[in-house]
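Novice: This is the structure I have questions about; it appears just below.
FYI, it's all coordinate maths here, none of it is from the lab. Source: prediction; values computed, not measured. Heads up, the Cβs are rebuilt from the backbone with ideal geometry, glycines too, and the neighbour counts pull from every protein chain shown.
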Amino acid sequence: MTKDIRVHLDHLITRQSLRYSPSTSLAFDHIATSSPSPDHSIRFSDIRASDGWFSRLVKPDFQRATCAWTPEGCTDFLSSIIRRRIIPSIILWRNNETGFVYVLDGAHRLSALRAWMLDDWGDKADDFYKKNENYEEIINAASITRQLVRERIGSFTEFAHAESELRKIYLAGGAPKQIMSAKDFEMAHFYADITSSTRTLHAQWEGGDYNAAEESFLAINRQGAPLDDLESTLIEFRNGSYARVIMSIANNGASGHYWPEPNAAENLTPELIEKTKNFNARCSKLHDIFFVPPFDSKILDINVPFMVAPGHFRKHQHLIEVLPLLSDGLSISKENLAEILKTDSHTSAKEVIENADNLISKLEEKTAHLGNRYHSSQSLSVAPLIFWYNKQGSYVRALFYGLCNWLFSGTQEDVKTRKIAFSSVRGELENILIDFKDDYSDIQHRGGAGLKSTSKISETIQNLVNALLQNRSLSEDEIRKIFGSRSKPKEKQNTGRSFTKKSKAEINIREMLSCTVRCQICEGVVDLKQGVQYDHIDQWSKGQDSSPNNGRPTHPFCNLFRSQILSLREGTSEIILPSINQGKEVTPGTQLSLFDSFPGQG
């Protein structure tokens, strides 16, 4: 089955860089874009050639990535071309200043044709997809598509060979239709038609300035495969720092597009220009923190991504909720989405760059507390599988948001105090979250998915940590009371002989977590792939050595605050948790629609 596989063809048509602009116009409004005699025919030779017309073809900065079609979709489209079916017009717009031609609608069609002609379905794109966390899937999709096309249609080279054979037979005085197979004869005629330009694709040219082109794009994409409200709003305010950071992270720090070097007219300092040069790498690292390793529903170890965004072009949808929450404790909703995104969308390059640098820095700081991609001594190195995945291994975003809101409420000193308290009861807390996973996950079912139950989950964590600080051996009734559940949830009985897919996942996760490595300071789970630190069992400062027998893996934060955490665990000191109400209250309005497509997704 290949219905869930997507063919990546984004490398075949260059994307225009997003400009810094103080207005919604992108610098070309004053230029007449009409052509004396626009050519309404797109020749196949134009699509195949490495120079000429296709080299001037670009996708607008607001165009989606070209990776929505399945192998079957590509094959069906090529089949329609060969069988002379009616193909919708390719909608284009020309910038007369640069000579570039913008594809407003039809990027997938043109890319699929060029991929077939060049036999490049994404696996011959040099390093274009190397940074993509789904690189192996992209290569696999290319192989599947190539094989499917060859089986059902034939390679472009086969068509060329068939046409060459037809000419040889004809020049020798033979009858090609009688000598050649019916398939080869049809292939030869198709190739002859497209090389002689007797068969073309139709081009429809959009008039007007850049704004008119943008309006046409939005109108087109609100029809057949509609843009969701969030995507439309991101496009509308794409010049601002929030939208740029969101899309840059979602696209793994795509080089040069969201953060091109400003031109001389912007009059920026060398320091600001240097910042823009580092944005791509910083956003790429944040992308890896959130989405790497790629999610596999068959979880075989505890190393899972922070966030799971299933399907095509979904990462930005999750990031738009996470970024405001992590950076400023803000809750985003349909009501305030535009307000947050448009903050600096019409201001100077200087302000956009400074705001973006500030936003990225906040994200780096907050994510360093949770994971350890930055090798920070402040990292808790939490295992997402325990804290915000359900027992079948499905990502529940409400649990992630709840933990973030709890941990980052208040001042930096509040956060530090909360982390020490958390670490002093971490082993017991994690055991409860593992053993009572259904009760914990059920909070978001009662309160609502996503941001709706953030405050309730934060409050639950606060109450649970407070209770464990008083007594690390809580009874089952005490735990269920904190979770707000009255009794043990009834398990659905499976009367069949075979275990279901969900049951197998639950068994795998249960067994993995029961025998994993533990931090000997807090007794919480240690993921050795997250970048642990190694602590001296008998302290080196007291004359002990660094032999393996005197070492143990720990969470970086536990290693840094070993004495304070151990004194709390031993009961020789006390700590008071800061109130979670000191931060911004998370009270979302109308929830954003996040089209998630797998069970357990909150």
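Novice: Which value does Rg/Rh take for the stretch 10-226 over its C-alpha atoms, Rh per Kirkwood?
Specialist: For the stretch 10-226, the value is 1.01.
Novice: Would you mind checking the pairs Lys298/Lys391; Lys419/Lys481; Lys59/Lys350; Lys130/Lys285 and listing those with alpha carbons more than 20 angstrom apart?
Specialist: Lys419/Lys481; Lys59/Lys350
Novice: Subtract the Cα-Cα distance of Ala160 and Ser196 from 0.36 nm times their separation in residues, and report this length gain in nm to one decimal.
Specialist: 11.7 nm
Novice: When a/c is below 1.5 the answer is rounded, else prolate if a/b is larger than b/c, else oblate, so apply that to the stretch 80-203 with a ≥ b ≥ c taken from the square roots of the Cα gyration tensor eigenvalues.
Specialist: Taking the square roots of the gyration eigenvalues as a ≥ b ≥ c, the stretch 80-203 is oblate.
Novice: Under 16 Å Cα-Cα from Lys131, which aspartates and glutamates qualify once same-chain neighbours fewer than 8 residues away are excluded?
Specialist: Partners found: Asp10, Asp123, Asp288.
Novice: Moving on to the next point. If each of Ser45 and Leu118 carries a label point 7 Å out from its Cα toward its Cβ, how far apart are those two points in nm?
Specialist: Each label point is offset 7 Å from its Cα along the Cβ direction, giving 2.0 nm.
Novice: Measuring from label point to label point, each 7 Å out along Cα→Cβ, what is the Val292 to Ile537 span in nm?
Specialist: Simple spin-label model gives 3.5 nm for this pair.
Novice: For the stretch 421-461, what does the alpha-carbon gyration tensor say about shape, rounded, prolate or oblate, given a ≥ b ≥ c as the root eigenvalues, a/c under 1.5 as rounded, and a/b over b/c as prolate?
Specialist: oblate
Novice: At 0.36 nm per residue, and after removing the present C-alpha to C-alpha distance, how many nm does the segment from Ser79 to Asp126 gain when stretched out fully?
Specialist: Between Ser79 and Asp126, full extension yields an extra 14.1 nm.
Novice: Related question: How big is the chain on each of its three principal axes, counting only the C-alpha atoms and giving the largest first in Å?
Specialist: 100, 66, 52
Novice: Only helical DSSP H runs with n ≥ 4 go in: add -39500 (n - 2.57) per run for the chain, normalise by residue count and round the 222 nm mean residue ellipticity to 500 deg cm²/dmol.
Specialist: Only helices count here, giving -14000 deg cm²/dmol.
Novice: Run the numbers for Ser377 and Ser348: contour at 0.36 nm per residue of separation, minus the present Cα-Cα distance, in nm.
Specialist: Gain in length upon complete extension: 6.7 nm.
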